[in-house]
Amino acid sequence: MDGGNRMETKTVHSGMEYWKKIIILLCSGWVTIWIYRSALAPVYPQINDSLGGGISDSALGSISSFYFLGYVIMQIPAGFLVDKIGKKKVLLPGFILFAIAAFLISQATSIGMIYAGSFLAGIGCGSFYGAAYSLTSQNIPQAKRSFSTAIVNSGSAIGSGFGLILSSLLVVQMQMPWQTMMYISVILIICMLIAFALIIRGNKDDVAFIEKIKLEEKKQATPEKVKEDVSFKSLFAPRMLFTYILYFATCYAYYMTVTWLPNFLGTERGFKGVAIGFSASLVAFASIPGALLFSRLADKFMNKKIQFIVVLELLAAAMLLITVQATNQVFLLIALILYGFLGKLAVEPIIISWLGENAPKVGVGTTLGVFNFFGMMSSVIAPRLTGSISDMTGSKEMGFYISVVLLVVGTLLFLSANMKKSK
């Protein structure tokens, strides 16, 4: 079956439907991105040693911060380019840059070269978010969209888990060079480039399918809703603003955890070798059933989304608190599993769904752009701030406590704004 054939609707029954291919493709894209993202965190000591030693935790944390800085900077331009020139033309150059950046890091002889590579990798990966969720919104049937999005998002958990385990096994336990993980990343990125080129339709071939989806959704829209537009006032109304703050707190806790948890377990809680990567990966793997379960429940009880969000956020904060206070490794691991099950990847699809229902119909893209900007800004701040705290105090515990406080405050602000709206 030719994926570029305009007679797709006639051939769809002879093979897998296009929207199902998109789900698998995008899930694989997140797997690849997150294997790279999580590969360096467990091997910070090895990176330090290979560069001559003497690098502070703050400087090592900045490796992640530079990546997310590039990622954040690329969000708005990438979204604009997706609309103007098409998803395929944005994804392919972005992932080519991503591959070059990963190879550059593998050849680094200084922390500055790693920073440069991380920044370029962030810009390359920044092409994925807008293109990916544009593909899901335009191609996946509306009745299947929430659950399908949760499946796509689960790729980040799978990639994060495998990245942590592989890095700990190959580098920490088997003592292979830390650059090995970058070579693996380059190979995976090249595989994704080939898949993007073969599967994703060009703009002209995609028009008929997209128009069909749009016509179905326009039937549900009134003239008043079509005319509704986004304004600064509506964009930063209290309910919107506190949702952005809540997402900032949610992402802060998650990115602080995925960046520093392996190091925290190894240096402050006595975990050794592959046990570090395996234990840290529990957060990622536990998030997959959590995301699928809660997205289905939120779709079933659509008028209870606020309650789902508030309960999940507070429970996630409680699990992080137990994680940092647990002196018994079994209790610590149970808390990590529950944090993964209840945390960011479980609540994120529900927040995005709620936001889409409450944003101006014409301004959903702009609202989601601001929403994602707030969330990803936390990923720039959290790794470096936690590293600086570790340099000053000798421990990363305060980083966990800050995450707990942010989650509780953000949740209470979100709840208060929605209680006022209900009244």
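For the chain, what's the relative contact order in percent, using C-alpha pairs closer than 8 Å and at least 6 residues apart?
In percent, rounded to a whole number, it is 25.
So, for the chain, what is the accessible surface per residue at a probe of 1.4 Å, expressed in square angstrom?
43 Å²
Largest first, please: the extent of the C-alpha atoms of the chain along each principal axis, to the nearest Å.
62, 54, 36
Using a 1.4 angstrom probe on heavy atoms only, work out the carbon and sulfur share of the accessible area of the chain in %.
Carbon plus sulfur share of accessible area: 68 percent.
Considering only 114, 92, 51, whose Cα is most displaced toward the positive end of the charge dipole of segment 46-162, charges sitting on Cβ of Lys, Arg (+1) and Asp, Glu (-1)?
92
Label points 7 Å out from Cα along the Cβ direction at residue 405 and residue 183: separation in nm?
So the label points at residue 405 and residue 183 sit 4.5 nm apart.
List the pair-distance distribution P(r) of segment 259-398, using every Cα-Cα distance, as the percent of pairs falling in each 10 Å bin from 0 up to the bin containing the longest distance, rounded to whole percents.
That works out to 11, 33, 34, 17, 5, 0, in percent per bin.
Over all directions, average the projected area of the Cα convex hull of segment 44-153 and note it in nm².
Convex hull of Cα atoms, orientation-averaged projection: 7.9 nm².
Expected output is a single nm value to one decimal: the length gained when fully extending between residue 76 and residue 24, i.e. 0.36 nm times separation in residues minus the C-alpha distance. What is it?
16.2 nm
Please give the Cα centre distance for segment 311-347 versus segment 57-121, rounded to the nearest Å.
One Cα centre to the other: 30 Å.
Which pairs, out of 20/89; 344/396; 89/300, put more than 25 Å between their alpha-carbon atoms?
Listed pairs above 25 Å: 89/300.
Using a 7 Å offset from the Cα along the Cα-to-Cβ direction at both residue 357 and residue 237, what is the distance between the two label points in nm, to one decimal?
About 1.5 nm, to one decimal.
Taking the Cα-to-Cβ direction at residue 326 and at residue 100 and moving 7 Å from each Cα, how far apart do the two end points lie in nm?
Here the answer is 4.4 nm between the modelled labels.
Whole Å is fine, so just give me how far the alpha carbon centre of segment 149-204 lies from that of segment 239-297.
Spelled out, the Cα-based centre of one part sits 18 Å from the other.
Beta carbons within 10 angstrom, averaged per residue: use that to sort the peptides 237-243, 391-397, highest first.
237-243, 391-397
Give, in nm to one decimal, the length gained when the segment between residue 50 and residue 269 is fully stretched (0.36 nm per residue of separation minus the Cα-Cα distance).
That works out to 76.4 nm of additional length.
Among 407-415, 380-388, how do they line up by average Cβ neighbours within 10 Å per residue, starting with the highest?
Highest to lowest by the protection proxy: 380-388, 407-415.
What ranking, highest mean first, results for peptides 331-344, 159-172, 82-95 when packing means the other Cβ atoms within 10 Å averaged over each residue?
The packing order, highest mean first, is 159-172, 331-344, 82-95.
The values are calculated or read from the model by the stated rules, or taken from the named source; none is laboratory data. Keep in mind it's a predicted model, so treat the numbers as computed, not measured. Heads up, the Cβs are rebuilt from the backbone with ideal geometry, glycines too, and the neighbour counts pull from every protein chain shown. Just the protein is used for accessible areas: all its heavy atoms, side chains included, with ligands, DNA and RNA removed. Shrake-Rupley method; radii C 1.70, N 1.55, O 1.52, S 1.80 Å.
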